[in-house]
Amino acid sequence: MIELPYWARLLCACAASGLVCYAAAAVLSALGTPWILRRAQHRAARQPARAALTVLVWRLLPLLAAVFAVTFLSLPSFLLLESQDGAEAVGRLCCLLAVAGLTLTCGSLTRMVRAGFATWRFGRCAGREGERRRVGEHWVRVLPAPAPSMALAGAWRPLLTVSYPAFSTLSRQQLEAGLDHERAHLRSGDNLKRLLLLATPVPGGAHRSLNRAWARLAEWAADDQAAAGDPHRSLLLASTLIAVARLPIAPAASCPSLAPLLSTLDGERGRDLVERVQRLLSPHAAAPARRSWLPALAAAALTAAVLLPATQHLTHALLEHLLR
Amino acid sequence: MFSTAPSAAAADAILGPLESRVMEIVWRNSEANVRQVAALLPEPLAYTTVMTTLDRLYKKGLLERRKKSRAFIYAPRVSRAQWLRRRAGEFVANFFATPHPEREALLSCLLDAVEQYDAALLDDLSQQIRDKRRQMEREAERT
């Protein structure tokens with residue numbers, strides 16, 4: 001047992017309880033992954049955006065569970081019910097869990113900062129090396145190859161980039177169709193979601209499958225949004241995909257963020273492109289964006305407001321148990 | 001005879017937007033004088049502006065020039081492919097300099113280039129797109 005003052009015990013309790021919830025949710029998420037993937041697959045053809053959201057939430061379950069447990073359970077119950085007088089003994093296991101929890105948190109924050117920095121570097125390179133051009137209603141940076149043929153870089157103030165080979169090969173309509181696709185990623189906040197994925201590291205194949213499935217569904221959803229149910233735009237986007245796929249590729253030109261996810265698809269070369277083109281050849285009307293999360297959020301907030309005061313004593317008892 | 005600028009090493013300098021456009025025109029036409037370049041630019045620019053730009057590109061070592069009558073004829077000294085390779089090298093060197101920063105960059109790409117696509121597969125997909133386009137045109141004509 002180690003004697004710790006009030007604030008150190010608070011940190012210990014939050015970090016340890018967060019880690020326990022994170023681990024439990026990670027196990028649950030891994031176990032339920034095959035079911036979630038089947039469900040997403042079933043929904044993908046007509047509602048890829050919703051399927052992508054389902055997969056993403058399931059993938060982020062450990063992070064959501066840990067944040068919820070610390071913010072709404074551990075922290076309030078400890079602040080309200082724990083006595084601030086003097087130091088109290090804390091068990092070694094709890095200390096170990098707290099250290100692991102803090103390490104995990106620091107690791108996640110480091111990865112997020114590194115990703116932000118790498119993106120900033122890319123943006124800076126693009127700003128310096130690329131030529132600012134207007135394509136329809138989009139301002140883009142035309143980059144010398146090798147660079148991703150067409151990309152949206154960054155989560156805040158994102159930058160649209162086009163490689164010089166793509167810019168000089170694609171027709172103006174094709175460029176606009178491709179950029180509409182990238183704007184769809186922007187509207188969906190996909191780069192921000194990538195940041196959250198980086199902040200939720202979980203070992204195991206199940207989570208890699210969820211990453212791959214999300215990346216694929218996010219592309220489908222962006223295709224649908226860009227086509228907006230218009231068969232002509234859909235066809236134009238399909239021809240853009242083919243034109244981009246035909247561009248000569250330097251090894252370093254691969255899309256950096258997706259490279260670690262998609263390089264594992266070597267055995268199924270071209271499958272995703274075929275599926276995307278086939279979908280665009282028989283487009284579905286994009287499902288209207290339903291704000292289904294708003295009532296769900298309101299219901300969750302109401303339930304929490306009613307139940308949380310009642311659970312504080314129980315939570316505190318569990319925390320005391322964990323600390324000992 | 002074409003003359004080359006003494007400071008050819010300066011060719012590594014970054015091109016501005018107008019310089020890029022002018023270079024594109026000279027690359028496309030193999031050679032051109034100031035008036036021809038000005039006529040081919042998408043936006044109307046003063047003769048002297050184009051002349052200054054061409055002179056700057058000559059001094060950067062990207063163009064060579066010879067005198068014909070009283071005007072200079074400019075020709076590319078570096079091919080577009082050579083220029084792109086050089087710029088590409090710089091871009092890659094800049095972005096991929098540190099170990100694996102690219103793995104965590106927040107990028108959404110239209111199509112991942114990790115996959116190398118089979119030409120036959122792409123031809124087949126292009127054919128499907130053409131068929132679909134024809135079908136849509138026929139349907140539009142009928143209605």
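The values are calculated or read from the model by the stated rules, or taken from the named source; none is laboratory data. Source: prediction; values computed, not measured. Here Cβ is always computed from backbone atoms with ideal geometry, including for glycine, and neighbour counts include all displayed protein chains.
Remarks
- Test: residue in the range A:159-177 that is over 16 Å from B:R21 (Cα atoms) and facing another protein chain (nearest Cβ under 8 Å): no
- Filter result (within 12 Å of chain B (Cβ to nearest Cβ) and part of a loop (DSSP other than H, G, I, E, B)) within the range A:211-234: A:D230
- Breaking point among (1) more than 13 Å from chain B (Cβ to nearest Cβ); (2) over 20 Å from the mean Cα position of the chain (by Cα); (3) of a type in the set (A, V, I, L, M), for A:V67: (2)
- Residue pairs meeting the criteria (Cβ under 8 Å; at least 6 apart or on separate chains; first over 16 Å from B:I25 (Cα atoms), in the range B:65-86; second basic (K, R)): B:A71/B:R35
- Criterion violated by A:L192 - all others in (1) crowded, with 20+ Cβ neighbours inside 10 Å; (2) out of contact with any Lys or Arg (no Cβ under 9 Å at 6 or more places or on another chain); (3) among the hydrophobic types (A, V, I, L, M, F, W, C) satisfied: (1)
- Here the condition is being at positive phi and more than 10 Å from chain B (Cβ to nearest Cβ); of A:G107, A:G136, it holds for A:G136 alone.
- Only one of A:R208, A:R187, A:R134 that is of a type outside the set (A, V, I, L, M, F, W, C) and in a strand (DSSP E or B): A:R134
- A single entry from A:G101, A:G116, A:G32 fulfils the requirement of being surrounded by 21 or more Cβ atoms within 10 Å (Cβ to Cβ) and on the phi < 0 side of the Ramachandran plot: A:G101.
- Residue match in the range A:132-140 (condition: in contact with a Cys (Cβ under 8 Å, 6 or more places away or on another chain) and more than 22 Å from A:L198 (Cα to Cα)): no
- Failed condition for A:L302, given (1) more than 30 Å from A:F117 (Cβ to Cβ); (2) at pLDDT below 60; (3) hydrophobic (A, V, I, L, M, F, W, C): (2)
- Test: A:L81 is closer than 14 Å to A:L318 by Cα, away from chain B (no Cβ under 14 Å) and modelled with pLDDT under 85: yes
- Yes/no for B:R70 being basic (K, R) and modelled with pLDDT of 90 or more: no
- Residue in the range A:160-176 that is more than 12 Å from the chain's Cα centre (by Cα), at positive phi and in a loop (DSSP other than H, G, I, E, B) present: no
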